[in-house]
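Scroll down for the structure; my scribbles are underneath it.
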Amino acid sequence: MYILGISNIIAVSKLNRKNNVSISKNFLIHQIIFVGLMLVTSAVLADELTEREQAADQVSEQFIKQLGGHLKKEMQANGPVQAITVCKEIAPQIANQLSNENGWSVTRVTTKPRNSLLGATDMWERKTLAEFEAAAAKGEKYSEMKKSVVVDEDGKFYLRYMKPLAIKPICLTCHGSEEQIPAPVKSELVKLYPFDQAKGYKVGELRGAVSIKQPMDVPLYKKF
């Protein structure tokens, strides 16, 4: 069925009157009501998407804040070797907790994984990470970037969201150059991650992102 916008309906009505073509008043009323409902529906959907994006903003910030707090605390208390366990064990625990609390998928992803079994990207995530790097090359700051979009995957709709994670000075002890990583840390990394790709970074470079996937048919569990 072809649906006319309100302005088009009026224009068609005028044209048909000019050409002495009769248009049912009921047809015009029904079309205008339908377009009005479509506009209301679009406004409601826009509000929902805004609310969902804001929720993703807050959950990604919770993840980053909690992980950073654990890492800083462990570094100060027990040193960098013990701090490796924060990214290895605590980070997945935080992600799982936030996923369960919200009914979403909350993960960290990167194109250079330390653990080849975790953090692998899908096509949309790889494309988005490349977009982040391209924007950074033009002078944009990673801290000010994010991306959210609704996608259709096998007939089911999801809000996909990503927030980039840049390398900070504290990260170089485990992710920097060979010269920057202390020998005890190197030894532990080799033992834990024989296929490690997550080294050789500089401060400010893109490490990866927080990736969130919200099923659109699952309501937000809580207000943000």
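If a residue has to be in contact with a helix residue (DSSP H, G or I) (Cβ under 6 Å, 6 or more places away or on another chain) and closer than 22 Å to Leu67 by Cα to count, how many in segment 181-195 make the cut?
Our first condition is that a residue be in contact with a helix residue (DSSP H, G or I) (Cβ under 6 Å, 6 or more places away or on another chain); within segment 181-195, this holds for 184-185, 188.
Cutting the leftovers down to closer than 22 Å to Leu67 by Cα gives us 185, 188.
Adding up the residues that qualify gives 2.
Tell me, please, whether a residue that is over 23 Å from the mean Cα position of the chain (by Cα) and exposed (fewer than 12 other Cβ atoms within 10 Å of the Cβ) can be found in segment 163-170. Yes - at least one qualifying residue is present in segment 163-170. Among the conditions (1) more than 24 Å from Asp196 (Cβ to Cβ); (2) in contact with a Lys or Arg (Cβ under 9 Å, 6 or more places away or on another chain); (3) part of a helix (DSSP H, G or I), the only one that Ala91 does not satisfy is (1). Taking the criterion of being touching a strand residue (DSSP E or B) at 6+ places or on another chain (Cβ under 7 Å) and over 30 Å from Glu101 (Cα atoms), would at least one residue in segment 177-194 satisfy it? There is no residue in segment 177-194 that is touching a strand residue (DSSP E or B) at 6+ places or on another chain (Cβ under 7 Å) and over 30 Å from Glu101 (Cα atoms).
Note on segment 87-103: residues that are farther than 19 Å from Phe157 by Cβ and free of Cβ contacts under 8 Å to residues at least 24 places away in the same chain total 6.
His70 meets all of the listed conditions (1) out of contact with any Leu (no Cβ under 6 Å at 6 or more places or on another chain); (2) crowded, with 19+ Cβ neighbours inside 10 Å; (3) not in a helix (DSSP H, G or I) but one, namely (3).
Filtering segment 104-148 to residues that are free of Cβ contacts under 8 Å to residues at least 12 places away in the same chain, in a helix (DSSP H, G or I) and surrounded by fewer than 16 Cβ atoms within 10 Å (Cβ to Cβ) leaves Met123, Lys127, Ala130, Ala134, Ala137, Glu144.
Within segment 189-224, how many residues turn out to be part of a loop (DSSP other than H, G, I, E, B), surrounded by 16 or more Cβ atoms within 10 Å (Cβ to Cβ) and of a type in the set (A, V, I, L, M)?
Residues that pass the stated criteria total 2.
Would you say Tyr201 is hydroxyl-bearing (Ser, Thr, Tyr) and closer than 18 Å to Leu129 by Cα? For Tyr201, the condition - hydroxyl-bearing (Ser, Thr, Tyr) and closer than 18 Å to Leu129 by Cα - is met. Please work out which residue is farthest from Tyr161 (Cα to Cα), limiting yourself to segment 178-203 and to residues that are small (Gly, Ala, Ser) and free of Cβ contacts under 8 Å to residues at least 40 places away in the same chain. Applying the filter and picking the extreme gives Ala183.
The numbers here are math on the coordinates, done by the rules we state, and not lab data. All figures in this text were calculated on a predicted structure; none of them were measured in a lab. All Cβ positions, even for glycine, are placed from backbone atoms using ideal geometry, and neighbour counts span all protein chains on display.
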